[in-house]
Structure formats: C-alpha cells, structure tokens
Amino acid sequence: MNIILAFCCGLLAATGTYMLLRRSFVKLVIGLALLSHAANLLIYIVASPLLGRPPLVRAGETQPPAPFADPLPGALILTAIVISFGVVAFTIVLIKRTYEEIGTDDLDQMTSTDRDLC
Amino acid sequence: MHTTVLILLLLAALAPMGVRVIGKSAGLIIATVSLAITGWYASRFGIVTAGAPILETMSWVPSLGVGVEFLLDGLSLTFALLICGIGGLVLLYTSSYLGDSPGLGRFYATLLTFMASMLGLVLANNLIVMFIFWELTSITSFLLIGFDFHRESARRCAWQALVVTGLGGLCLLAGIILLAIASGGSTGPEFAIRELDPGAILDSPLAGASVILTLIGCFSKSAIVPFHFWLPNAMEAPSPVSALLHSATMVKAGVYLIARLEPTLNEQRFWSDSLVAFGATTMLLGAALATRHVAFKKLLAYSTVSSLGILVMLIGLGAYAAAATYLIAHALFKACLFLVAGTATHIAGTKDTEAIGHLGRSMKISRWSALLGGLSLAGVAPFIGFAGKELTIKSGLNAGGLEAILLAIAIGLAAALTVFASIQVAFKPFFMPGPHKPEHAQEATWPEWLGPIILATLGLVLGLAPFLGMVPLVESFGASLAGAPLADDVTLGLGYLLWPPSIPLGISVLAVVIGIGLFMGRSPYRSLLAKTFAWDRFGPERTYDRLVGTTLASAQVLTNALQNGSLRSYTRIIVLTATACVALATLRIDAVASYLPSFGALTPFDVMLALTIAASAVSATMIRSRLGAIAALSGIGFAIAVYFVLHGAPDLAGTQFAVETLIVIIFVLVTHRLPRFARYTTNLSRSIDIVIALGLGSVVTTLTLLAMGSTVASPVSDFQAAEAVPSAYGRNVINVILVDYRAIDTLGEVFVLAVAAIGVFTLLTIRPSREAEATR
Amino acid sequence: MNSVIFQVAARVLLPVMLLLSVVFLLRGHNEPGGGFIGGLVAASGYILYALAVNLPESRRLLHVHPRTLISTGLLIAILSGVPALLVDQPFMKGKWIEVTIAGFEGVKFGTPFVFDVGVYLVVLGVTLLMAFTLEERYQ
C-alpha cells in the first residue's frame, strides 16, 4: 500500500512544482497546497510503514496496544496541516489584494515595486 | 599576561570618551599605561631569558575545557616589548601629531585595539586563538589605513590591504587547521602550538598543502613577493600607524608565525627552501624599488619590504640569532625614521625628499634622530643595524656552495641599495641643499621628537654595548626557534665583528661605497631603473587590480543571470538544484535495491484511494476553471484524511477535514472576483516545466521509498509512547507530544498562525492613505 | 444563501458544534481531539452561522473580537510555561496537581491542559479573524 502512496507523493510533488512554475499567481497557491499535501503524506508514510492502530493508551494501561502508528510524525503533521492552512489563506488574500492593486495575477507583469504603485 | 591585553582593550573602549573629556592630554595617559605594560614585560626579562618560558591559562569555556593559553618565551617577549614599547612612544607622538584631528578618539581606540590584538597574536599558544587575533590585526589595520576615509585613495588602499591580508588569512586558516589535523593524527586535531608534533606532520599526507597554505597566509601579511604591493600603498595611513603597524609590528606577524612554526616545520621539504627563495627575492626587489622613490614614506615602505624579506630568508637559513638581531634593529630604526618622516612632512609641507633642503637647520633635535636612525638602517658601525647586517651576510655565506655565492651577492647588492635609500631619506633632506627650504620652520613639540630620539639612541647604545640585554634576548629568541638552546655563542660585540677583518666586513664596506656612489649619480641611475621596471604593469599589483575587476564583473554577470527578478526562474533553479543534489546522493548509495521496502498487502480500497489522489492531482493542473482546481485540491485533502483514518491517526483526519472545508470556504469567498484562470505560458515553457516537475517528482518518490525501507535508529516516539501515561498523564500520545513534550514547538506554531491571521487582517483592512490615493 | 433550511440548520448547529469543540478540547489529552481540532470545529460553527444567517449576528454571538481571542490565547499559552520556571525547571515543563471537580476525585489538572486551552483560543481566533475579515470585505 505504502509503495503506491510513495508514487502518489512523487506525483503530488511534481504537480505542485508544475503549478509553482506557472505565471498565474492563483495557480501558484494551488501548487503550494499540493506541495504541502505531498510533504505531509511523505512524513507520515515514511515513519509508519505498517498499518497501525491509533497511538492511544487504553484506560488503566501504560502502553498503546501494538502495533501502533508512530505518534511523532502525527503530531508534526497535525501542526503542519494547520500552519499550511494559515499560509494558504494568507497567500490567497495576498493574491487578491495584489490583483486589486495592480490588476493582474501574471507574475511576469509584477515587475514594479510597491513604491511605484503608490 | 591576559591582563595586559584586557587593559589595552579597556583603554581602547575608554579612549574616545577620554579624549572628549580631557582633550589631548588623554594621549599622555594612554602612552604612560602602554609604557608601564612594557615595564611589566621587561620585569619578566630575567625569568624568560634564563630559559624558563611563562605559561598562563585563563579559562574561557570551562565546561568544554577550553582555555586561552598565553606563552611568554624569548620570541613572544621580544615582540611584546616591541609592541608595547614602540606602541607607547607612537601613542605619545600621536598626541601631538594628530592633536587637532577630530578623529583622535577613534584613532586611539583603533590603535589600542590593534596593540591588544597584536599582543594576543604573539602570546597565544593556540592556533585558533592566534588566528582570531591575526584577523583582528588585519581589521584594525584596515581601519587605520582608511583613517582619512573621506579620501578616495585612502579607502582604496585600505580595501586593498584588507583583501590581500584577508585572502591570506583564509589560506592561513585552512593551513593551520590542516596542520592541526596532521599533527593530531588519530586523537583529533591538535591546536596547541607547543604540542604540535613535527614527526606526525612529516608523515601526514596533508603536510604539503598545510605548509603551502600557511606560507601564503604569512607571506601576504608580511608583504613578501608577490604580495608586497599592498604595504607601500598602506602608506595612506597617518605616520604613527606606519611606524607601528607597517614597520615594527603588524607586518612582522607573518615573520612571527613563520618563526613560531619553525621548530615544527623546518624538517618539511620545501619550507626552508621557499623561505630562502621568497625572502631573498623580496629583499632584493624591495631594496631596488625603495631607491626608485623619493617620497619619505614610500621609500621607507619599500625598504621595510626588503627587511621583511631578509627576516624570512634568515629564518629559512636557520640563522636565528641573525634574525633576532635584525628584527630588533629594524624595529628600532624603522619606527624612528617613520616618525621623523611624519614630522618632516608636516613641517616642510611636502613629502618629496629630493625637494626638501637643509631641514636640519630648523629641526634641531629630529635631525639627530634621522641621522642616527639612517646610519643604523645603512648598517654602519657601531649601530645595532651594523651587527644585524654583518650577521646576515655571514649567514648567507654559511649556506655553502653556489647558494652562498648567490646569496652573498644578493645581500651585498641589497645592502648597497639600502645605503642609497638611507642617505636619500635620512641625510639628504636634513643636511643637503634642496629647492624647497621652508621659512620660519620650527622644531615640533616634545612628544613628537622624544620617541624618535629614544629609539635612535637605543639603536646606538645597543650597538655599542650589546650585553645590555640584547645578547640574552637574542639567545632566548633563537632558542624559541631552534627548540633548544643555541649551539653557538651569540657574538654581537663590535670587537668580534670588526676584528679580524673578514669577508662579511669586506662586503659591508663595499656595499657602503657602492651605495654612496649610486647616490652621487642618482639621476642617471633613476632613469635606468625606470626603464628596468617598465614591466611593472604586468606586476602583481596590476594582476590584483585585474583580478578584482574581473571578480566584480563576473559577479555582475552572475547576479544578472541569477537575480533576474523572475520568480519562476528562481523556482526553477531551486528545484533543479534540489533534484540534482538528491539524485546524485542517491546514485552514490551502494545496493539501492536492498533499501526498498517490501510491497505488502494491497486492498482494492487502497488502490481506490491512491487513484483518487493521483487523478485529483493531475486534474488540479489541467482543469481550466478555478473552482474545478479547488475541488480537485480538496479531493486530495479528503482522500488523505481518509488515509489518516485508516492508518491510525484520527486526530490528523479530523484536523484535515476541518481545514479542507475552511480552505474551500475561503477560496470561494475570494476567488469569484479573481482573474480568469489564464494560460500565460507558451507550450515550450510548459513542456520544460513538466520535465522539471517530473524530475523532482521521481526524486521525491525514490527518496520516500528509500526512507521507508531504512530505519537507522529506534524512534524517539517509543519513549514518548511509553512515558505518556506514567509521566505526562495523558493517553492520547499525539496530544501529549503537542502540548507537553514539544510544547515550545507548538507555541512557536501558534505564533506563526497568529502572524498569518494578522497579515490577512492587515492586508484587507489597511488602505493607502488619502494622499497616496490622491497621487495615483 | 437565503435558504431557510440552511439558516435553521446553522442556528441549531452552532451550539452543537461549540459543545463538540469543548468536548474535543477536554478529552483531547486522553482520546482523539485537542486544542487544534477543537478550535477549528468551533470556528466552523461561527463561520457556518455567518454564511447562513449573517455576519453581524455571528460576530455578536462571539461577544469578543477574534483579535482578543488570539492575544488571550497566546498569553495563556505562554503563562502555562511559567509554573515550571517558578520551581527552577525548564520553561514549559508540565506541572500537575490533583483536583476534585464535580465529585470526580483525583482528576489530574496540569499546565499542558492550560496550554491546550491557549492553542484552542488562538486557532479559533485566527480562523475567525481571517474568515470574518474576508466575508466583511467580499460578501
């Protein structure tokens, strides 16, 4: 299973990169989101090659029942998901405002500094 | 010993304030402190010359066992005395010479920092500590040469000195690290200078590289050919700086380090030979170039280059006593002459020695300093310079065979040219007629003439009575270089040198005669010299200029190519570099296949999930409507969330679901007023990008597969899971990691979130001011 | 989005989702849940309400400005690290006491939980600040 997902990771990274290289700013954000999916997935499948149960300790016990999924990448990804939400939201708004100010979302047209705009 | 360095640094920090509060007399206090430190070192004279080096350690990072170890032996004592003694006199001189300059406080601060660094350099018993002080002297020297920073030439020359000595410093750093590795062998690098193991270095394959790099470092600092050009240019500095840094101390740092490493490296194959070859060349070239110039300080600077060459050559020849004698003699007369030259330039209003005449009639005291210093430079008995020169010639002759003949000729020629230079700089302007006779000229104030006359008199006294400290110091200096007490007695007494008449004495007399002769016929000689040095435009300085020019031009080209302002080309470069690096690293792994994970079981559900992700990813790039792309994106998000549910991460799944929903909401809120999903790029550009993207994708896949198949250590999460209940009182290990084990990390992350939200808020609510709006 | 059904659903869903988010927060240390997901669920409730009913109403129900939530949350999160400092331990090391809440004896109450509350508030504030500002401007 994870081997297929490794290929999915690669595909996500490739599509993300391709979108990053577009001139349209909107596509760039989609590329960013794709890349963060790729990274999250990569971290998770690398650390937990086996099908695991959630890392939860049953009441009265001291150890999660084996085999349990590695909790550390889980914790890292959890914050990464929320952070990438913040970043994507910020970038979307940035694009929106840029578009409102200079009337294009073509990166190659954005050659002036903000000083020239005001 | 540490205290003396710290006192100087403290003084440097206080100097600017001191000058502001008590004015010029601050210089007198500073000079007094410096001379008191000289006194302290002089009081250690007896112990050190008796053959007992003093070793002091100040703890620095006690937990790592790192200390700053200072070593006072004959070599470092000689240098310490010169640095603080001449430094004190120069500081005194400065209080009058630069008395009216607005930058006086800054000058004192920099000069004192330099003295502290130089002291640290010669005292440090650790290569790294030594190197730090070494670089500090380069930096302070840069600041001092550029003291008059509003003059373009001062800035240019300061830069040149910094670039040359700085590049040399980098070579030196590499050299000493290799040296330490070579010496330490299997026990790790050995940085303590006294513990360096000559045998281990001799056996090490790193020896050659380390010797060459160290020599480049030392040569660049000490203005040895082909790095000699920066020193004359450094004469842009005020005269006190030239006197202290560019004659007596800083330029001798290279000589010092060569001397310090001599006991360790003299067995190395090309160490001694290169010292002799480069030293002799520098000696001759410096002496010849000195006679080309008529400006006071330029002439003295080239003469210094020549002297530095002599010192390097003497160490290479193993003539340690000669090196010590010449080093001390040179420091005394050259500092004296530089100071007198500064005063003379001030008073006469020109630096042209050919133009000035009969300056001695007004400078009634300084003329004697000039005369005595000049005679010592010329190597005339009974001055200490004479002893230095005699020993030098003798050492050249001792080399034996053809080498002895060549060296004797070279040394004799250099000596003759030096006699010429010394008449030109120390006799001509003061005692001979010249077109420019300053009227109403007055002798300078006492701080300006006192230092030179002391130095000049010292040169005479030590020449007449070398037993007054000179002999034991030279013996102790020599013992530091030899690593053992010197085998032969040091004979500096005039009686030994003058009787019975010997070949060295003959060469010496001949040199004086030729020197005077050349001076008499100096105008035809100079025009001849000018023709000879026509090749100078291919010389090292032009090479330096061309090198700097080429570097700047190629930096410009590179910057234009790489920093072209196009985000996409940046991304391309970054992605391609990352792809190439990882691909290369992967290719270097042996038996890659053994790291690949086993395929494992596969359910139809897994295949469906993977296909969903793949299909959504591809369609996100192809769909030509924004909403379609967003839908594809959330398709991936939800598929991954399902995967998390299936593989033991319900927390992640919940978060992923919530975030995907929110992102869709935000996209929908914003995007319907965004521009259409335009295709800006050409087909060709798209194809290139597809290749780049697929390259990265395949690298990522390979990396993932390899990482999955290779676990090199037991994961820390085993501990985290085991301790979750007993120590952290939580049964959800992921949450325990987030809020307990790695709480500071999470704290940072919520701060990032807060910043992102504030960014969104600001972007949407802050509008341009009314004026900005109006001007649009 | 003037659908009546949607409006009614949002009115009902808001309290349910808020309750759910608090449950996630409280039990997060032992069962799936925690401050991050709790904050997101609560925020979704308010956003849903703002979309279905209207923004001012949703803002009114929140009572405080999202910025206040962010700053309060950050403050709580930082303060939760201080108790360890007081007993000369590294910043943010977990400290626990046993309390009796509503008849349950020996309930463990500790600084990690306080920290999680801070995270909850920050995530709630961040999400709402973004969503509300966007809605205000573009709806």
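The values are calculated or read from the model by the stated rules, or taken from the named source; none is laboratory data. Please read all numbers here as calculations on a predicted model, not as lab measurements. Cβ sites come from the backbone with ideal geometry, for glycine too, and all protein chains shown count toward neighbours.
So that you can scan it fast, the table gives a plain yes or no per residue for (1) without any contact (Cβ under 8 Å) to a residue 12 or more places away in the chain; (2) closer than 30 Å to B:ARG292 by Cβ:
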{"residue": "B:LEU417", "(1), (2)": "no, yes"}
{"residue": "B:PHE431", "(1), (2)": "no, yes"}
{"residue": "B:GLN442", "(1), (2)": "no, no"}
{"residue": "B:LEU450", "(1), (2)": "no, no"}
{"residue": "B:THR457", "(1), (2)": "no, no"}
{"residue": "B:VAL461", "(1), (2)": "yes, no"}
{"residue": "B:VAL471", "(1), (2)": "no, no"}
{"residue": "B:SER476", "(1), (2)": "no, no"}
{"residue": "B:LEU481", "(1), (2)": "no, no"}
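If you check B:GLU475, B:GLU439 for being of a type in the set (D, E, K, R) and loosely packed, with under 14 Cβ neighbours inside 10 Å, only one passes: B:GLU439.
Among the residues making up the range B:608-643, those that are surrounded by fewer than 20 Cβ atoms within 10 Å (Cβ to Cβ), more than 7 Å from every other protein chain (Cβ to nearest Cβ) and not hydroxyl-bearing (Ser, Thr, Tyr) are B:MET608, B:LEU611, B:ALA615, B:MET622, B:ILE623, B:ARG624, B:LEU627, B:GLY628, B:ALA631, B:GLY635, B:PHE638, B:VAL642.
Entry remark, the range C:16-40: residues being within 11 Å of another protein chain (Cβ to nearest Cβ), touching a helix residue (DSSP H, G or I) at 6+ places or on another chain (Cβ under 7 Å) and not in a loop (DSSP other than H, G, I, E, B) number 11 in total. Screening the range B:707-746 for residues that are facing another protein chain (nearest Cβ under 7 Å) and in a loop (DSSP other than H, G, I, E, B) and picking the one that is modelled with the lowest pLDDT gives B:PRO715. Of all residue pairs spaced 6 or more apart or on separate chains, those with beta-carbon atoms under 6 Å, a first member in the range B:329-357 that is more than 16 Å from B:GLY451 (Cα to Cα) and a second member that is surrounded by fewer than 20 Cβ atoms within 10 Å (Cβ to Cβ) and hydroxyl-bearing (Ser, Thr, Tyr) are B:LYS351/B:THR345. Scanning the range B:200-226 for residues that are touching a Ser or Thr at 6+ places or on another chain (Cβ under 9 Å) and modelled with pLDDT under 90 returns B:ALA200, B:ILE201, B:SER204, B:VAL225, B:PRO226.
When the range C:67-94 is limited to residues that are within 12 Å of chain B (Cβ to nearest Cβ) and over 22 Å from the mean Cα position of the chain (by Cα), the one that is surrounded by the fewest Cβ atoms within 10 Å (Cβ to Cβ) turns out to be C:PRO90.
Could you please let me know if A:ALA33 is more than 20 Å from B:PHE667 (Cα to Cα), at pLDDT 90 or above and either facing another protein chain (nearest Cβ under 7 Å) or in a helix (DSSP H, G or I) (or both)? No: the conditions fail for A:ALA33. The set of residues in the range B:537-575 that are charged (D, E, K, R) and either touching a Gly at 6+ places or on another chain (Cβ under 6 Å) or within 29 Å of A:VAL29 (Cβ to Cβ) (or both) comprises B:ARG568, B:ARG572. Does C:ALA43 satisfy the condition of being within 18 Å of the chain's Cα centre (by Cα) and either more than 7 Å from chain B (Cβ to nearest Cβ) or among the small types (Gly, Ala, Ser) (or both)? Answer is yes for this residue. Looking at B:ILE589, B:ILE573, just one residue is surrounded by fewer than 18 Cβ atoms within 10 Å (Cβ to Cβ), within 17 Å of A:ARG22 (Cα to Cα) and among the β-branched types (Val, Ile, Thr), and that residue is B:ILE573.
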